[in-house]
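Have a look at the structure below before the remarks.
The values are calculated or read from the model by the stated rules, or taken from the named source; none is laboratory data. Everything numeric in this text was worked out from a predicted model, so none of it was measured. Positions of Cβ are backbone-derived with ideal geometry, glycine not excepted, and every protein chain shown enters the neighbour counts. All accessible areas refer to the heavy atoms of the entire protein, side chains included, with ligands and DNA or RNA removed. Shrake-Rupley method; radii C 1.70, N 1.55, O 1.52, S 1.80 Å.
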Amino acid sequence: MKMEDMSLSGLDNTKLEALAQDIYSDLVEDACLGLCFEVHRAVKQGYFFLDDTDQESMKDFEIVDQPGVDIFGQVYNQWKNKECVCPNCNRSIAASRFAPHLEKCLGMGRNSSRIANRRIASSNNMNNKSESDQEDNDDVNDNDWSYGSEKKAKKRKSDKNPNSPRRSKSVKHKNGELSNSVNADPYKYNYNTGINYETLGPDELRSLLTTQCGVISEHTKKMCTRSQRCPQHTDEQRRAVRVFLLGPSASSLPDADTMVESDCYDASDGQVLMSRLQWDGSSDISPSDSASSKASTNNSDSKKPKKKKKMSLGLNSTGGGGGGSGSGGGSSSQSSLVGQSNRKKKPKLPVPPAPSIYDNLN
Amino acid sequence: MSPAGCSHVNAYKVDNWRQNLRVIYQCFVWSGSAEARRRKVLQNDVRWTALAKSCICHMCGAHLNRLHSCLSCVFFGCFTKKHIHEHAKNKRHNLAIDLLYGGIYCFVCQDYIYDKEMEQIAKEEQRKAWKLQGVGEKYSTWEPTKRELELLRHNPKRRKITTNCTIGLRGLINLGNTCFMNCIVQALTHTPLLRDFFLSDRHKCEMQSNSCLVCEMSQLFQEFYSGHRWPHIPFRLLHLVWTHARHLAGYEQQDAHEFLIAALDVLHRHCKGDTTRDDNGKKANNPNHCSCIIDQIFTGGLQSDVTCQVCHGVSTTIDPFWDISLDLPGSSTPFWPLSPGGDGSTVNGESHLSGATTLTDCLRRFTRPEHLGSSAKIKCGGCHSYQESTKQLTMKKLPIVACFHLKRFEHSAKLRRKITTYVSFPLELDMTPFIASSKESRMNGQYQQTVEVLNNDNKYSLFAVVNHQGTLESGHYTSFIRQHKDQWFKCDDAIITKASIKDVLDSEGYLLFYHKQFLEYE
């Protein structure tokens, strides 16, 4: 059809209709052409067949609509045994009891301060932390564990016999014959968790010694796994060990200041910390009572806290100060330790001794 | 060279080929308008104008028949009659362009080819033309890149979400009185825009630690669309929420509405990394102009007009909101007498028994002009003195997702109780009567039934309902959510079952989530 200038006025109906028909069919043809191009391109570029799905597994995903089962075809109420891992203390908790556990774990419950105070009181009497056991006792009573908790709890108790608080409590009561019996315990503690330096290569030793105390115990011949500021051993001892293991060039310990810098809290650190706490109560974090309270105020997010819980210095404080009562009992006793260790160390930091935090709380 | 291209284009890609190609696209394929086309043809290259007065086949004069333009010289030929083919053979010009859709044909390969660079030019010219035409940006579907194609080919097992598919639905374990959290999570994960945002991986986390709630939300979507059938345990989510919203922490029953607001607030704060840069390249970090996904979806503007009774001067403030809390009849606050809607008329499709309160009634009450008594005189800017006034609330900006909170828990000085009055709510809701511009017609408190609503902007569809059973002190939350347009599911913690629309509409209703039906580009 030639493109001429035509006027429509002089045409009769049939011609008009024919014109309209022409225009319509041209439009349809153009639209079809467009679709053809789309398909052609999709095939040529290789993405046309992406839509195809895997037929058999599609059947697995069909919705079921029958009484007594949910849409997946599963019977109701079979999920009682689900468990999860607490991000704070790293323990396996029954899912349906996770909320109450977390509340205590973070130190937010009604009884948390009571439990924490109890722990401080008892650990103040002993030199060591065996708070993990105490914590378990409380938790067992609260049924935080899964349905098999009784069995588990009993098992744990028996496992812990060599290190159980009962033992050290009895030690504590006979206050006369101290240093031997009391000091015996840390070695007992470390018995299972110390590191045998003979089995490690030089690189491993080097990296280990950058983070741990490393002093070799006379009794067990194993390396202390506590932090570089562990109160049990002196810096001299630590330097000596490094010279012994790595040669005279490797005798430098990192500065106390750098230790402070590395104290920024992060969730993984907290967990590492907590796991350490349970065995050797590393007190990496001594400085930070003030740091922790600063950290917590920076991070406190609630605008109108319903309950004024002064204890909740913010989760960050667990890493920061151990003083933060953030996580249940473990940190509380640790902070008391921190208080003690602060006195032993050179007073570099303007830190109030830990017990004062609890004074505020009380 | 992409697999869809061909080697014969290399002969073409010499000298100033890009510019030449652009000219062809601009003049003959996609011009802004016919006017522009004519003008362009006349203004541009003189060489072109002489010959290219009109697009017709140089051999037969046809202007349809799939006209093609030779890329190497000024020649138009129709495809159907093979005139362009002849030209190609005679002149050895191997490439031609289809003037209707811009596809490039190679006569040696005897097929349309898709060369990456040429397609790039074509796309740019097309966008320019759309802009000139006033069409703006057009939606283009996703196309996989070469790498993505490879990955997809190596992983042929694929799940498609059909209408009868459980993917996207998942139960949530109750962690100990956390049913309120589970219901809100179900509502959020079934918010279409939010789902699209997270599934297309739009969150770029800038938080150092692992405690970003938005990342956890993203993870939650992955869990919901994983196809797993056992219920998910949202313990990390609980931990994060307790960390960031201290006032909610604690093992006790909480209010779902409060949780919703707290969750949105934390998400909003953690979204700072995603705020898009505006055209100046500056990051919009202003809290009043946040453009994070939460604000884009949930934030609306509530206009409060205070009119002085003496001088009739109006002072207006606009506050952002994430939800609308509505008083119910039966509460100790006076409920406005019902207007014509109470006689069983079907406003907004709420054709329930006459006398039952409808959501529209509650909204009408919310937006009515309220006379502030003589004890609450406002300082009027016009009169410069304290005068009595009326206050009226209207919606200045409607959010994409509107959440209505029916205030069923009464905590007044005299009593604390739960109001269980049934409120009927519709599947489709039109918010036009409640927006600020409709206010004038309601100044006197008369509600005018809008005869026709031509504007589709204010139409909403229900997609989630959160219900509470029990008393003020203790109860249980369940939710209904909508999936696949018209399928509803009841979510009772870990148990997901199919529900009928009737079940949903007959339920008591505590939190109602509505989604805008038509979304416009800004």
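Of B:146/B:516; B:272/B:407; B:116/B:138, which ones are farther than 26 Å apart at the Cα?
Over 26 Å apart, Cα to Cα: B:146/B:516; B:272/B:407.
Can you list residues whose amide H is under 5 Å from residue A:228's amide H, if they're 5+ apart or on another chain and H is modeled 1.01 Å from N?
Answer set, sorted by chain and number: A:213.
Would you please give the residues with an amide H less than 5 Å from that of residue B:71, counting only those at least 5 places away or on a separate chain, with H modeled from the backbone geometry?
Result for residue B:71 returns B:95, B:96, B:97.
Please list the non-local residues whose amide H lies under 5 Å from the amide H of residue B:325, H modeled 1.01 Å from N, same-chain partners needing a gap of 5 or more.
B:405
Can you give the accessible area of residue B:190 in Å² (nearest 10), computed on protein heavy atoms with a 1.4 Å probe?
10 Å²
Just add up the charged neighbours of residue A:63: K/R +1, D/E -1, any other residue whose Cβ is under 15 Å from the Cβ of residue A:63.
Residues close to residue A:63 contribute a combined charge of +4.
Give me the accessible area buried between chains B and A, both sides summed, with a 1.4 Å probe, in Å² rounded to the nearest 100.
By this definition, chains B and A bury close to 6100 Å².
Quick one: which of B:397/B:490; A:80/B:490; B:204/B:396 span more than 29 angstrom between C-alpha atoms?
With Cα atoms farther than 29 Å apart: B:397/B:490; B:204/B:396.
Order B:59, B:431 by their accessible area, 1.4 angstrom probe, all chains in place, largest first.
In descending accessible area the options line up as B:59, B:431.
Residue B:161: accessible area at probe 1.4 Å, nearest 10 Å²?
Solvent-accessible area, nearest 10 Å²: 90 Å².
Leaving ligands, DNA and RNA out of it, work out the accessible area of residue B:6 with a 1.4 Å probe and give it in Å² to the nearest 10.
Estimated to the nearest 10 Å², residue B:6 gives 10 Å².
What do you reckon, how do B:235, A:244 stack up by accessible area (1.4 Å probe), largest on top?
A:244, B:235
Quick one: order B:17, B:142 from most to least accessible surface, probe 1.4 Å.
B:142, B:17
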